[in-house]
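Worksheet: one structure, shown below.
The values are calculated or read from the model by the stated rules, or taken from the named source; none is laboratory data. Computed from a predicted structure; not experimentally measured. Cβ coordinates were reconstructed from backbone atoms using ideal geometry, including for glycine residues, and neighbour counts include every protein chain displayed. Surface accessibility is based on the protein's heavy atoms, side chains included, excluding ligands, DNA and RNA. Shrake-Rupley method; radii C 1.70, N 1.55, O 1.52, S 1.80 Å.
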Amino acid sequence: MPRFTLVVPAYKVQGYLRACLDSILEQDYGDFEVVAVDDCSPDASGEILDRYAARDDRVRVLHLPQNVGLGRARNAGLKQARGDYVLFLDSDDTLTPGSLSAIAERLDATGDPEILIYDYARTYWDGRVLRNQRADLLREREPAVFPLDERPELLDLLQIVWNKAYRRDFVEKHGFEFPPGYYEDAPWTFCSLITAGRITVLDRICVHYRQRRQGGNILRTVSRKHFDVFDQYERVFSYVAEHPELDRWRPHLFRKMVDHYITILDRPGRLPRSARSEFFRRAAEDYRRRKPEGFVRPGGTRGQKFRLIALGSYPAMAGLKTVSRTRATLRRRGGERIRGARRQIIGAHYRAQLRLPLDEDLAVFSAYWSRSHACNPAAIDAELARLAPNVRRVWVFRAGEAHRIPEGVDAVRLGSREYWTAMARAKYLVNNVNFGDSIVKREGQVHIQTHHGTPLKSMGLDQRDYPGSAHGMDFEKLLARCDRWDYSLSSNRYSTAIWERVYPCSYTSLETGYPRNDILLNATAEDVLAARRELGLADGTTAVLYTPTHREYESAFVPRLDLVRFAGRLGPDTTLLVRGHYFYASSPELAALRADGRIVDVSAHPSVERLYLAADALVTDYSSAMFDYANLDRPIVIYAPDWEIYKAVRGTYFDLLQEPPGAVATSQDELAGILTSGAWNDSASAELRAAFRERFCDFDDGRAAERVVRHIFLGEDLDALPPIVPLSERRPAPTPPQAVASVETV
């Protein structure tokens, strides 16, 4: 029997769940079990739980056949508990280091009370950590163990269950369980506290309570479900009625009930406007029905609201709120001036266009900060032309980049009159990065964020921990840009979880695969050979594509390969295709290697996907190219001479040297040895690649662009879209030798 059982319910938390579980399993106190409850989560939460359970026998997973909500999911976990004490932890929150040790020590020191209350702090996306405002209530003083009568002010703590350890036999004796609906913590918290004879406190922050910037908290959702609060207090007072010895708590519970009702009325993001007066009427009825004899209203503004509820005067309550809002508006005046200045910068023309109707058949595309016609936006553009030719497609380009515009592409220059017209009127906005800060997201516009890679390096809010590479990024402005997203595309579950956590906004994740990778699954032998001929590659030549990534923390280019010496080691039958910043210097030897075709500069090639088709193998360091190229199931070699520096300065999500897609080299000589010995394409390399593909090639099956266009542009339900082809059944484009053999056979 473990000392603690931690019940962790999970629903749509794939971006936060690992951090939650790690915070438990990495505690310095090990006498516990975790009962994780997958509340029929539609994302990868259940799979994440299973992976943790497979590698740590302290974790048990319960998969519910249907979604039952937080309270009932906790009940299901509670039934499986075996510990002396039960603790609840929401799956987007975390335990602080050393928490379980501190809780265990306090329980031992106080003789195993029925309830221990510990403290928490709210954590915010911008790095703020704010301790519970009523932390003073948790000061440890004598007596260390007490009934609630001696410290009734503890009822003023937030009505939550996850800041307490409950002795399991106490819970079972009294039959405590969570009811369905919103505010399910209230009956459990109040009933257990007034029942317990022995309570203690721990003056220590044990839980970090994540304040999601958007989403995640159902209590911030505008809904009639907030009427559930009336049922919850009906349960509280029914419990008191069934236990006459607890009748003395009615005044305290009445005050908490009315406070709770006022809070719901005061919060603008909870009740629909049409339901406010009805909610007020129900609150007034409960006030009159449950008011204890001799109850004294609190003072101040809160007391005024108590009085107005007692009188049943909703117009007066609404008027009081109007006065409060007016005061708040005056405080915000400075911020409004700033926003007004930004609107002025946008210009009269843009403002005029924003007043005109949206063009339902106009889509605006941009890629890589309007520098090219490429990546996922270009693949969506092509599929849109095929499936919905009625939609006009316009691309945004920077001044000076006109040479990159393919023939026949309708383009507007960034910042031009035509640009602002298109941005104001287009129904659809498609980009693999963010549009500028001054763009106004209109009601009815659909913004598709396609991204441009699978993240090895830290992204979004995670970059706050790596200022050396973030270059003073304004994270508030970043999230304001991300607020415009309606859809976020993903090529694997790993990426989805990261995007949802580091860009905490209210978009919908679409696990369609990356449209740009469709070609890697659909290309024919003729396509492969055509891609090689474009580069002048002979049929018997081994083409190695080298794609090093950019280091944001370096102000100037630092070469990691001596191309002349390296190409010499590879020999005349190998051609090195180099895509990057590697031709700033020149020499007679390098010029000679270019002339005979052994080094080809492909930095300006318009389609990296065609380079993938042409290459027999990929050599890269930390570029997301490895994740895309893995779809071809061709050899990948990692060249990581500065891994420790990169990992420390930029931050990474996994150890690439321990989980690579193929052979790994940390020096130029080692890399040359791998490529000349055959180790780049041996069975060990293939085994590593297979594991890598299993983890990162979830959705790229050749029909990603079709799914995006049919769902977003044509309005088809997700269930009607082509299902993802299992990895084992996919047939990537043929390798160059296979392509040659296929054509010769024909």
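Here region 598-746 is treated with +1 on each Lys and Arg Cβ and -1 on each Asp and Glu Cβ, and its dipole about the Cα centre works out to around 240 debye.
For the chain, what does the accessible surface come to per residue with a 1.4 Å probe? Please give it in Å².
So the chain comes to 43 Å² accessible per residue, rounded to a whole number.
Please report the antiparallel percentage of the DSSP beta bridges confined to the chain, to the nearest 5. In the chain, DSSP labels about 15 percent of beta bridges as antiparallel.
Taking every alpha-carbon pair under 8 Å whose residues sit at least 6 apart, the chain reaches a relative contact order of 10 percent.
Roughly how many percent of the accessible protein surface of region 230-302 is carbon and sulfur, given a 1.4 Å probe and a whole-percent answer?
Values: 1730 of 3760 Å².
Whole-percent figure for carbon plus sulfur exposure: 46.
Long-range amide H contacts for residue 88: which residues qualify at under 5 Å (H placed 1.01 Å from N, peptide plane, sequence gap of 5 or more or a different chain)? For residue 88, the qualifying residues are 7, 164.
Counting protein heavy atoms only, region 398-438 has 44 percent of its accessible area on carbon and sulfur, 1.4 angstrom probe. On full extension, the segment bounded by residue 714 and residue 278 gains 153.0 nm, given 0.36 nm per residue less the C-alpha separation.
Scalar couplings 3J(HN,Hα) for region 505-510, obtained by applying the Karplus form with A = 6.51, B = -1.76, C = 1.60 to θ = phi - 60°, are 10, 9, 7, 9, 7, 10 Hz; x denotes Gly and Pro. Report note on the peptides 72-81, 598-607: ranked by the mean count of other C-beta atoms within 10 Å, highest first, their order is 72-81, 598-607. Working note: Karplus 6.51/-1.76/1.60 with θ = phi - 60° gives region 236-253 the couplings 4, 6, 5, 5, 5, 5, 6, 10, x, 5, 9, 4, 4, 8, 4, x, 5, 5 Hz, where Gly and Pro are set to x. Once the mean of 1/r is taken over each pair of separate Cα atoms and inverted, the chain shows a Kirkwood hydrodynamic radius of 29.7 Å. For residue 622, neighbours were defined as the other residues whose beta-carbon sits under 10 Å from its Cβ, and their charges (Lys and Arg +1, Asp and Glu -1) total +2.
Distant-in-sequence amide contacts of residue 446, defined by a placed amide H-H separation under 5 Å and a gap of 5 or more residues or a different chain, comprise 428, 429.
Within 13 Å, Cβ to Cβ, of residue 193, how many net charges do the neighbouring residues add up to if Lys/Arg are +1 and Asp/Glu are -1? Kindly include the intermediate steps, with their values, before the conclusion.
Numbers: positive: 151, 164, 198, 256; negative: 114, 149, 150, 153, 156, 185.
Around residue 193, the surrounding residues sum to -2.
If R0 is 56 Å, the Cβ-Cβ spacing of residue 409 and residue 223 corresponds to a FRET efficiency of close to 0.80. Overall, the chain carries a charge dipole of about 4340 debye about its Cα centre when +1 sits on the Cβ of Lys and Arg and -1 on the Cβ of Asp and Glu, all other atoms neutral.
Summarised in one figure, the compactness ratio Rg/Rh of region 216-294, Cα atoms and Kirkwood Rh, is 1.01.
How large is the Kirkwood hydrodynamic radius of region 136-280, in angstrom, based on all distinct alpha carbon pairs?
By the Kirkwood definition, the hydrodynamic radius is 16.8 Å.
Return, ordered by residue number, the residues of region 75-119 whose backbone nitrogen is under 18 Å from a label point located 7 Å along Cα→Cβ of residue 153. Answer for this model: 117-119. Extension gain residue 604-residue 285, at 0.36 nm per residue separation less the Cα-Cα distance, in nm? Contour length minus the Cα-Cα distance gives 107.6 nm. Applying 1/(1 + (r/R0)^6) with R0 = 22 Å to the Cβ-Cβ distance of residue 134 and residue 174 gives a FRET efficiency near 0.30.
Each residue of region 368-383 is assigned a 3J(HN,Hα), and the resulting list reads 6, 6, 6, 9, 7, 10, 6, 6, 4, x, 5, 5, 5, 4, 5, 6 Hz, derived from the Karplus form 6.51 cos²θ - 1.76 cosθ + 1.60 (θ = phi - 60°), x at Gly and Pro.
Considering only 181, 110, 663, whose Cα is most displaced toward the positive end of the charge dipole of the chain, charges sitting on Cβ of Lys, Arg (+1) and Asp, Glu (-1)? About the Cα centre, the residue reaching furthest to the positive side is 181. Computed from the Cα positions only, the extents of region 64-170 along the three principal axes stand at 48, 41, 26 Å, in decreasing order.
Estimated at 0.36 nm per residue, the fully extended path between residue 648 and residue 57 surpasses their Cα-Cα distance by 209.6 nm.
Per-residue ellipticity at 222 nm, computed for the chain from helices alone with -39500 (n - 2.57) per DSSP H run of at least four residues, works out to -11500 deg cm²/dmol. Taking a sphere under 14 Å around the Cβ of residue 744 and counting the other residues whose Cβ falls inside, with K and R at +1 and D and E at -1, yields a net charge of -2. Between region 148-192 and region 229-264, the alpha-carbon centres lie 13 Å apart. Taken about its Cα centre, region 52-180 carries a charge dipole of about 440 debye when Lys and Arg each add +1 at the Cβ and Asp and Glu each add -1 at the Cβ.
Can you list, largest first and rounded to whole Å, the semi-axes you get for region 451-545 by taking the square root of 5 times each eigenvalue of its Cα gyration tensor? Mind dumping the intermediate values first?
Numbers: eigenvalues 258, 65, 23 Å².
Semi-axes from the Cα gyration tensor: 36, 18, 11 Å.
Note on region 627-746: the alpha carbon radius of gyration divided by the globular reference 2.2 N^0.38 Å gives 1.35.
Can you work out the FRET efficiency for the pair residue 687 and residue 355, with r the C-beta to C-beta distance and R0 = 60 Å, to the nearest 0.05?
Here the calculated transfer efficiency is 0.50.
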